[in-house]
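The values are calculated or read from the model by the stated rules, or taken from the named source; none is laboratory data. Nothing here was measured: the structure is a model prediction, and the numbers come from that model. We place every Cβ from the backbone using ideal geometry, glycine too, and count neighbours over all the protein chains shown. In case anyone asks, the SASA skips ligands and DNA or RNA and just uses the protein heavy atoms, side chains included. Shrake-Rupley method; radii C 1.70, N 1.55, O 1.52, S 1.80 Å.
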Amino acid sequence: MERTELTEKVAQLLAETGPVSIVNAGDPVLRQKTEPFDGQLDDATLQRLIVRMRKTMEDTPSAVGLAAPQIGIPLRLAVLGTPEQLTARLIERGQQPVPFTVLINPSYRAAGQQRVASFEGCLSVPGWQAVVARPDRIELRREDERGTPLVEEYAGLGARIVQHESDHLDGALYLDRAELRSLSTVEAVQERWGPAGLAATAEQLGFPLP
C-alpha cells in the first residue's frame with residue numbers, strides 16, 4: 001500500500017464515529033505482510049490510532065489484543081492487554097495479568113525449548129477456538145508509542161498474546177498453527193473442554209500435545 005493511501009485510510013477510520021468494525025477471516029488484509037512503521041503517520045495521528053485501537057479492544061468482551069490489520073490497516077502495529085475483569089481469574093489460574101502495551105515493528109524469538117499448548121480464539125474468527133502450541137517464553141524486540149526501542153522477555157499468557165498478535169502482522173491467523181482436530185465452538189470450550197482439561201481434550205478429539 002502506498003504511503004498516501006495508507007494515511008488516507010487511517011484518516012478515514014479516525015474520522016468515523018462509533019465502534020470500529022473488526023475485519024473477519026477471508027479479507028485479504030489479514031493475509032498480507034504488514035508494512036513496518038517508519039513515520040508514515042505523524043505523532044498525533046499515530047497516538048489517535050493507538051487510542052482508537054485500545055478502545056476497540058477494551059470494548060470487546062474478553063479481547064486481549066488487537067492488530068492493525070484487524071481494523072483494515074496494513075501497518076506493523078498492535079496493542080495488547082488483559083481486561084481488569086479477568087485479573088482475578090488469571091491470578092487464580094496462576095497467570096500474570098498483562099498491562100496495556102503497544103507493539104510497533106515487533107519481532108520475537110523463542111527463549112528456551114519449552115512449548116505449551118492452549119486454546120486460542122481470535123476476534124477475526126468469531127465463535128471458534130482451537131489449540132495452538134507455542135513457545136512458553138520469548139524474547140521480544142519492539143518500539144513503544146514514543147519510538148523507544150525495547151528488548152523484553154515475556155512468558156506464559158503474555159508470550160502467547162505477543163505471538164498471536166505478531167502473527168497477524170505477518171499475514172497469519174492462529175488457525176495456521178492450530179491443531180485443527182481441536183477446532184471447537186466457544187461454547188464447547190467453555191462448557192466441555194475447559195472443565196475436561198487439555199489432556200482429556202487431546203485424547204478425545206485425537207490431536208497431539210507437545
Protein chains only, probe 1.4 Å: how do 160, 192 rank by accessible area, largest first?
192, 160
If I take every Cα pair under 8 Å that is 6 or more residues apart in region 22-152, average their sequence separation and divide by the length, what percent do I get for the relative contact order?
22 percent
Excluding residue 169 itself, calculate the net charge of residues whose Cβ lies under 10 Å from the Cβ of residue 169, where each Lys or Arg counts +1 and each Asp or Glu counts -1.
-2
Region 65-196 - convex hull of the alpha-carbon atoms, volume per residue in Å³:
116 Å³
On a full-extension model of 0.36 nm per residue, what is the gain between residue 7 and residue 59, subtracting their alpha-carbon distance, rounded to one decimal in nm?
16.2 nm
Tell me, how many Å apart are the Cα centres for region 143-207 and for region 10-50?
23 Å
Simple spin-label model, 7 Å along Cα-to-Cβ: residue 100 to residue 150 in nm?
1.3 nm
With the charge dipole of the chain built from beta-carbon charges (+1 for Lys and Arg, -1 for Asp and Glu) about the Cα centre, the Cα from 210, 82, 12 projecting farthest to the positive end belongs to 210
What is region 1-63 by shape, rounded, prolate or oblate, if you read a ≥ b ≥ c off the alpha carbon gyration tensor as root eigenvalues and call it rounded for a/c under 1.5, prolate for a/b larger than b/c, and oblate otherwise?
oblate
Ratio Rg/Rh [Cα only; Rh per Kirkwood] for region 42-89
1.02
